[in-house]
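Worksheet for the structure shown next.
The values are calculated or read from the model by the stated rules, or taken from the named source; none is laboratory data. Computed from a predicted model, the values in this text were never measured in an experiment. Glycine also receives a Cβ, built like all others from the backbone with ideal geometry; neighbour counts cover every protein chain displayed.
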Amino acid sequence: MFKATGNLASAAILAVGLTGCVGSAGVSTWNYQAGPGYETERVYDGRVQADTSRGLTRESCTTVSRRQIGPSGRRDGRDDTACSSN
C-alpha cells in the first residue's frame, strides 16, 4: 500500500515538474461618458503571459458600449468588442 502511494506521489511531482512555469499579469481600464440622450462606456482589458513553452504572449480587448436614451427613458444600444493577440 505505502509503496504504491509513494510511486504515485513521485509520478505526480515529476508531472508537475515537466509542465513548466506560467505567469501572467493583467490591467483593465474603464471610461464612462454621458450627456443628454446618450451614454458611452469603454473598457480595455490587457494581459501579458509568460510561459516556458510559448514565451511571452499578449492579448488585449476593447469593448465599447453605446446607449441612446429616448424621451420615455427607454435605452437602446449595442456593444462592440475587438480583441487582438500575438
Checklist entry - Within segment 54-86, how many residues are outside any strand (DSSP E or B) and of a type in the set (Lys, Arg)? => result 2
Checklist entry - Has segment 13-27 got at least one residue that is modelled with pLDDT of 90 or more, more than 14 Å from the chain's Cα centre (by Cα) and surrounded by 10 or more Cβ atoms within 10 Å (Cβ to Cβ)? => result no
Checklist entry - Restricting attention to segment 56-86, which residues are within 17 Å of Gly35 (Cβ to Cβ) and surrounded by 10 or more Cβ atoms within 10 Å (Cβ to Cβ)? => result Val64, Ser65, Arg66, Arg67, Gln68, Ile69, Arg75, Gly77
Next on the checklist: With the requirement that a residue be closer than 10 Å to Val22 by Cα and either surrounded by 13 or more Cβ atoms within 10 Å (Cβ to Cβ) or in contact with a Pro (Cβ under 7 Å, 6 or more places away or on another chain) (or both), what does segment 40-55 give you?
Outcome noted: Gln49, Ala50, Asp51
